[in-house]
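A.B. asks: Let me give you the structure first, and then I'll get to my questions.
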Amino acid sequence: MKTIYAFLAFLLFQTALYAQITVVIDPGHGGNDPGHCGSHADHATEKEINLKVANYLGGYIEKYLQNVKVIYTRTGDTYPTLDERVDLANSSRADYFISIHCNGNHNANVHGTETHVHSLSLSKSAQFATNIETEFTSRAGRKSRGVKDERDLQHSLQVLKYTNMTSVLVECGFITNSSEAAYLNSTYGQEIIASAIFRAFRTTIESQNPTIAFRKTDNTAPVLTASTNTTTTDTKTEAGANQFKIQIASSKSAISTDDYYFKKTGLSVERKELNTSSAYKYVYYAGSFNSKDEAEEALNTLKSKGFNDALIVTS
Ligand SMILES: [Zn+2]
């Protein structure tokens, strides 16, 4: 009898040690189905942005979490049917399903993020969706249009209705809105969106699977937030005159100043690596001005272009 108890205890121990959850990441559309298309000729179609955000998200999960298996419904420009996406998730006995999309509307003013669930009565899915929208507003600085279910859409979404697990469909923003389209086309925007979904995913799985340890020892949260809370110390130029610049962003990893996100400033952008203990080592400055008045005028223009956290610094 003792042996049996010992064996059962061993089994329980093994289960706790090796318990693993599976997440299926589904980049919407693909192949002959481009999804929504924006009005700019040089902008990517929805299917391309979905794939990039999905890849960043999967990458963060692999890098920062353990005991999570990631499966993608597509990794290239192919079109698995909706049935095939559902079948893959169900047959892999996945615990979570995240479909990544971008929205479109005939009204170019409409913008913001949405996360869909099949029904708000599915509490695990609703909790996950709420966590995603919370991250979008609190850390990514996006406008949230909220969590929606089939009653809001007045039809059900196949990948949410027929998947047997906690399932969400994320609309990362409207590529028919010029400012949001530029953001979604930039590496900067894609990384912020993906890291917001990542943090929401981590919060969700930790609260829904309390017996599993998900964080790797180096559990620093990845990458970007929109806020520029890293400030630089004032230094005088050799001539003793202050130059004013506008700090528009900060990041953990170096992003090219040619990135689409920075282009819409209409100003020359420089990147500086700070000697700081903050994880946000890289700051980005737009323009260079001789007077504070000029800098303030440029700051107002930048804010009207969506750089809400921009601030004036001297150098
Ligand atoms: Zn879509």
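The values are calculated or read from the model by the stated rules, or taken from the named source; none is laboratory data. Because the structure is predicted, anything quoted here is derived from the model rather than measured. Don't worry about glycine lacking a Cβ; one is built from the backbone with ideal geometry, like all the others, and counts go over all protein chains shown.
A.B. asks: Please specify each residue of the stretch 97-149 satisfying the condition of being within 16 Å of the ligand (Cβ to nearest atom) and either surrounded by fewer than 17 Cβ atoms within 10 Å (Cβ to Cβ) or without any contact (Cβ under 8 Å) to a residue 24 or more places away in the chain (or both).
C.D. replies: Listed by number, the residues that qualify are ASN105, HIS106, VAL110.
A.B. asks: Moving on. Going by the conditions given, is ALA89 buried (at least 21 other Cβ atoms within 10 Å of the Cβ), closer than 22 Å to PRO210 by Cβ and away from the ligand (no atom under 16 Å from the Cβ)?
C.D. replies: It is false that ALA89 is buried (at least 21 other Cβ atoms within 10 Å of the Cβ), closer than 22 Å to PRO210 by Cβ and away from the ligand (no atom under 16 Å from the Cβ).
A.B. asks: Residues in the stretch 37-47 that are within 12 Å of the ligand (Cβ to nearest atom) and either among the polar types (S, T, N, Q) or farther than 18 Å from VAL159 by Cα (or both): how many?
C.D. replies: Counting residues in the stretch 37-47 that are within 12 Å of the ligand (Cβ to nearest atom) and either among the polar types (S, T, N, Q) or farther than 18 Å from VAL159 by Cα (or both) gives 2.
A.B. asks: Can I ask one more? Can you find a residue that is more than 16 Å from the ligand (Cβ to nearest atom) and modelled with pLDDT of 75 or more anywhere in the stretch 7-15?
C.D. replies: no
A.B. asks: Determine which single condition SER167 fails, assuming it passes every other condition in (1) outside any helix (DSSP H, G or I); (2) buried (at least 24 other Cβ atoms within 10 Å of the Cβ); (3) within 14 Å of the ligand (Cβ to nearest atom).
C.D. replies: Condition (3) is where SER167 drops out.
A.B. asks: Can you name the residue in the stretch 252-295 that is among the aliphatic types (A, V, I, L, M) and under 25 Å from the mean Cα position of the chain (by Cα) and is also surrounded by the fewest Cβ atoms within 10 Å (Cβ to Cβ) among such residues?
C.D. replies: Checked the stretch 252-295; the qualifying residue surrounded by the fewest Cβ atoms within 10 Å (Cβ to Cβ) is ALA254.
A.B. asks: Given the criteria modelled with pLDDT of 95 or more, within 16 Å of the ligand (Cβ to nearest atom) and in a helix (DSSP H, G or I), does ILE25 qualify?
C.D. replies: no
A.B. asks: Give the stretch 258-298 a look and list any residue that's part of a loop (DSSP other than H, G, I, E, B), β-branched (Val, Ile, Thr) and without any contact (Cβ under 8 Å) to a residue 40 or more places away in the chain, or say none.
C.D. replies: The answer is none; no residue qualifies.
A.B. asks: Which residue out of PHE214, PHE244 is at pLDDT 80 or above, hydrophobic (A, V, I, L, M, F, W, C) and surrounded by 20 or more Cβ atoms within 10 Å (Cβ to Cβ)?
C.D. replies: That would be PHE244, the only listed residue that is at pLDDT 80 or above, hydrophobic (A, V, I, L, M, F, W, C) and surrounded by 20 or more Cβ atoms within 10 Å (Cβ to Cβ).
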